[in-house]
1. Of the conditions (1) farther than 20 Å from residue 176 by Cβ; (2) in a loop (DSSP other than H, G, I, E, B), residue 101 fails just one. Which one is it?
2. Any residue in segment 89-118 that's touching a residue at least 24 places away in the same chain (Cβ under 8 Å) and on the phi < 0 side of the Ramachandran plot: show its pairings with residues that are loosely packed, with under 14 Cβ neighbours inside 10 Å and in a strand (DSSP E or B) at Cβ separation under 6 Å, as long as the two are six or more apart or on different chains.
3. So, of the residues in segment 45-59 that are at pLDDT below 90 and surrounded by 15 or more Cβ atoms within 10 Å (Cβ to Cβ), which turns out to be nearest to residue 175 (Cα to Cα)?
4. Can residue 85 be described as at pLDDT 95 or above and either assigned to a helix (DSSP H, G or I) or surrounded by fewer than 17 Cβ atoms within 10 Å (Cβ to Cβ) (or both)?
5. If you check 42, 32, 62, which single one turns out to be at pLDDT 90 or above, within 18 Å of residue 181 (Cβ to Cβ) and surrounded by 13 or more Cβ atoms within 10 Å (Cβ to Cβ)?
6. Against the definition (in contact with a strand residue (DSSP E or B) (Cβ under 6 Å, 6 or more places away or on another chain) and either at pLDDT 80 or above or surrounded by fewer than 12 Cβ atoms within 10 Å (Cβ to Cβ) (or both)), how does residue 113 come out, yes or no?
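The values are calculated or read from the model by the stated rules, or taken from the named source; none is laboratory data. Quick caveat, the model's predicted, so the values are computed rather than measured. With ideal geometry, Cβ positions are generated from the backbone for all residues, glycine too; neighbour counts draw on all protein chains shown.
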């Protein structure tokens, strides 16, 4: 019984500690096909309290774009956390275009929620006949189920939106994707998974394409 309880606890730990992200919806502008952008700016719009997530998000997506053969850069690394805050539209756009950027990918944290859940101390349920037919089997099973203390866990859920803008064509919105992430283990794991999901969705919708082939690298 002790071994079984340990196995169940391990399974629960693996389930609740793994990052799980999924694309909930995506959109592509009509008559858009993949083009070779000269330089793509990856720009996160994320609260200051989650600055590490912004840094990792931009870093991973820049890395994924680089692996595809694109020249890309992180807005946080190049311009700082609030580079365009005090600028008007014309000045900000000039600042972007003067650096050779002709496309922007935005990453916006739409919402972040926390939910506290109670996990019973013993959740092992044996078949009816296994423990009901003998007193001690029944007593032992029910004792642990009733008296063993449970514990609380806190799940964190993120809601994201990412857009691709063609800056050489009147700042046109080319592609948009909404994503949900559940209880990431770390900002690095979250960013890695999110980056791959987003890049795969863009490849699938033919808004970007592989500009070079790197052996052993898959998206």
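1. Evaluating residue 101 over (1) farther than 20 Å from residue 176 by Cβ; (2) in a loop (DSSP other than H, G, I, E, B) leaves (1) as the failure.
2. 108/45; 114/154; 114/156; 115/155; 116/152; 116/154; 118/152
3. So the residue we want is 46.
4. On the way: at pLDDT 95 or above: no; either assigned to a helix (DSSP H, G or I) or surrounded by fewer than 17 Cβ atoms within 10 Å (Cβ to Cβ) (or both): yes.
So residue 85 does not fit the description; no.
5. Numbers: 32 fails: within 18 Å of residue 181 (Cβ to Cβ); 62 fails: within 18 Å of residue 181 (Cβ to Cβ).
The match here is 42.
6. Values: in contact with a strand residue (DSSP E or B) (Cβ under 6 Å, 6 or more places away or on another chain): yes; either at pLDDT 80 or above or surrounded by fewer than 12 Cβ atoms within 10 Å (Cβ to Cβ) (or both): yes.
Yes, satisfied.
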